[in-house]
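Participant: Take this structure first; my questions come after.
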Amino acid sequence: MGLRPNLLTRRTAGVATSTLALLLSTAAVGVVPAASAFSAAPAGVCAEPADAHGHADARVAKGGHPRLDPNQLTAQQVREREADLAAAQRERANFRTGPTVAPLASVTIPVVVHVIQENSTRAGGNIPDSLINQQITVLNQSYAGSTGGAATAFAFQLTKINRVTNPSWYPIVQGSSAERSMKTSLRTGGKNTLNIYLGELSDSLLGWATFPKRTLDKMDGVVVLNESLPGGTATNYNQGDTGTHEVGHWLNLYHTFQGGCSGSGDSVSDTPAEASPAYQCPTGRDTCSTAGKDPITNFMDYTYDSCMYQFTAGQASRMLTAWNAYRAA
Ligand SMILES: [Zn+2]
C-alpha cells in the first residue's frame, strides 16, 4: 500500500539539517491550482515531475539546476546522528536503575492533528475528519505489519483534531518563520506526542519531519500534505503512506537510499543498499552490487503509495531503540 512521489528532500538555507522533506510534483498532484504561487518552483528548488521514473536526467528542474535531495543527509550528519543516539542511550541507561523504568516493548503514541486552513473550503485546507481518521488507521496498519511488513512496537491514538484558520500559515512553507510561528503556537504534549500538521505545502512537497532530539523542541513533528491522506486528491500519493513515511523519520529512520551503496547506508542491516531513490514502482530494480534488490516496497523509499507497504524487522528495532533513547517518558 502506499506509494510515494518523487520525494526529494530539500536542503534550504535556514532549514534544520534534521528536517526531512518530500517533494511532490505539482503535475502529479492536481491539487495545486495552476495559478498558485508554487506552480513555479522558487529559485534553487528543483521540482521533479512524478513521471520522472528515476532517470537521472529527469531530476533537473526546468530552470536547469540539478536538484539537491533535501532528505538526504550528508555522511557527516549521519555520523553525528548516530553518535547522538549512542549518547542518548547511555544517558537513559544511567537513568534507568530500577525495574519501573525498564525500556518499553510496545508504545501507543498520542497523536494531535493540526489542520491548517486558509478558509473553510476544501481547497482552503478544510479536510474532513473522516480522512484524518483513515490516516490514523493507515498508520496503525502500517506499523502493526498488517500490510505485509514487520510488526513494529507502535500504535497510534488520535487525541485531538485542532482546526486553525490562519491564511498567513497557508500554505505551510518549509523552513519559514511562519512554520516556526505555527509550531511554536500549536505544538502540544511531550516528546512522546506526535504532532501532525496538515495543509497545502510549499514547493510541491509531500511532507517533512524532524528526527528525535534529546531535548523537547517546538519544531518537533511531522508536516504532511493534506490531500495525501487516504482518499485525498494527490494522485498516486493518496493512500496515507506519506504520513507513514514521515512518522518513520520522526521515529529515527533514514531513507533506504541514505548513503547509497557504500558504508552503513541507512544504518539498518536488513534493508538492501540502494544507490538512489526509486520512483513510481519499478520492476527488478537493483542499483548496488551488494546483496538484495532495491527495497522499493519499503515505506522509507520514494515509490508510489500503491508500491510501498512495509518496514523491516531491523527498522522496527531501530525505531524502538530510538523511542527508548529519545521519546519515552
Ligand atoms: Zn523522507
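Participant: Return the long-range amide H neighbours of Arg163 (sequence gap of 5 or more, or a different chain), with a cut-off of under 5 Å between placed amide H atoms.
Facilitator: Excluding prolines and chain starts, which carry no amide H, the hits are Val115.
Participant: Test of understanding: what is the full-extension gain from Asp270 to Lys293, defined as 0.36 nm times their sequence separation minus their Cα-Cα distance?
Facilitator: That works out to 7.1 nm of additional length.
Participant: Top to bottom by accessible area (1.4 Å), largest first, where do Asp305, Asp217 land?
Facilitator: Heavy-atom accessible area, descending, gives Asp217, Asp305.
Participant: Follow-up question, since we're still on this one. First select every other residue whose beta carbon is under 12 angstrom from the beta carbon of Leu186; then total the charges, Lys and Arg +1, Asp and Glu -1.
Facilitator: +4
Participant: Now for a different question. Using a 1.4 Å probe on the protein chains only, how many percent of the accessible area of the range 142-216 belongs to carbon and sulfur?
Facilitator: The C+S portion of the solvent-accessible surface of the range 142-216 is 51 percent.
Participant: Compute the signed sum of charges (Lys and Arg +1, Asp and Glu -1) over the other residues within less than 9 Å, Cβ to Cβ, of Ser228.
Facilitator: Local net charge: -3.
Participant: If you don't mind, there's one more thing I want to ask. Just the accessible area for Cys307, please: 1.4 Å probe, Å², rounded to the nearest 10?
Facilitator: 0 Å²
Participant: Treating the beta-carbon of each Lys and Arg as +1 and of each Asp and Glu as -1, no other charges, what is the dipole magnitude of the range 188-256 about its Cα centre, to the nearest 20 debye?
Facilitator: Approximately 380 debye in magnitude.
Participant: Let me ask something additional. Please compute the net charge surrounding Thr271, taking Lys and Arg as +1 and Asp and Glu as -1 over other residues with Cβ under 13 Å from its Cβ.
Facilitator: -3
Participant: As a test of reading the structure, rank Lys183, Lys160, Lys191, Lys213 by solvent-accessible area (1.4 Å probe, protein chains only), most first.
Facilitator: Largest accessible area first, the list is Lys160, Lys213, Lys191, Lys183.
Participant: Quick one: which residues, 5 or more positions from Leu206 or on another chain, have an amide H under 5 Å from its amide H? H modelled 1.01 Å from N in the peptide plane, none for Pro or chain starts.
Facilitator: For Leu206, whose amide H was placed from the backbone, the distant partners under 5 Å are Leu22, Leu23, Leu24.
Participant: A further question follows. So if I take the centroid of the Cα atoms in the range 99-161 and the same for the range 217-272, what is the distance between those two points in Å?
Facilitator: Comparing the Cα centres of the range 99-161 and the range 217-272, I get a distance of 14 Å.
Participant: Work out Dmax and Rg for the range 263-329 from the C-alpha atoms and quote the Rg first, both in angstrom.
Facilitator: Rg, Dmax (Cα atoms, Å): 13.2, 43.
Participant: Could you do me a favour and compute the accessible area per residue for the range 130-196, 1.4 Å probe, result in Å²?
Facilitator: Dividing the accessible area of the range 130-196 by its residue count gives 41 Å².
Participant: Moving on to the next point. Rounded, prolate or oblate: which fits the range 243-302, taking a ≥ b ≥ c as square roots of the Cα gyration tensor eigenvalues, rounded meaning a/c under 1.5, else prolate when a/b beats b/c?
Facilitator: oblate
Participant: Also, quick follow-up: Please work out the Kirkwood hydrodynamic radius for the range 187-305, using every pair of different C-alpha atoms, and report it in angstroms with one decimal place.
Facilitator: 15.3 Å
Participant: May I ask you to rank Ser289, Ser176, Ser181 by accessible area, largest first, using a 1.4 Å probe over the protein chains only?
Facilitator: Result, largest first: Ser289, Ser181, Ser176.
Participant: Compute the Cα gyration tensor for the range 154-238, then decide on rounded, prolate or oblate, letting a ≥ b ≥ c be the square roots of its eigenvalues: rounded whenever a/c is under 1.5, prolate when a/b is larger than b/c in the other cases, and oblate in all that remain.
Facilitator: oblate
The values are calculated or read from the model by the stated rules, or taken from the named source; none is laboratory data. For clarity, every value in this text was computed on a predicted model and none was experimentally measured. With ideal geometry, Cβ positions are generated from the backbone for all residues, glycine too; neighbour counts draw on all protein chains shown. Remember, those area values only see protein heavy atoms, side chains included, never the ligands or the DNA or RNA. Shrake-Rupley method; radii C 1.70, N 1.55, O 1.52, S 1.80 Å.
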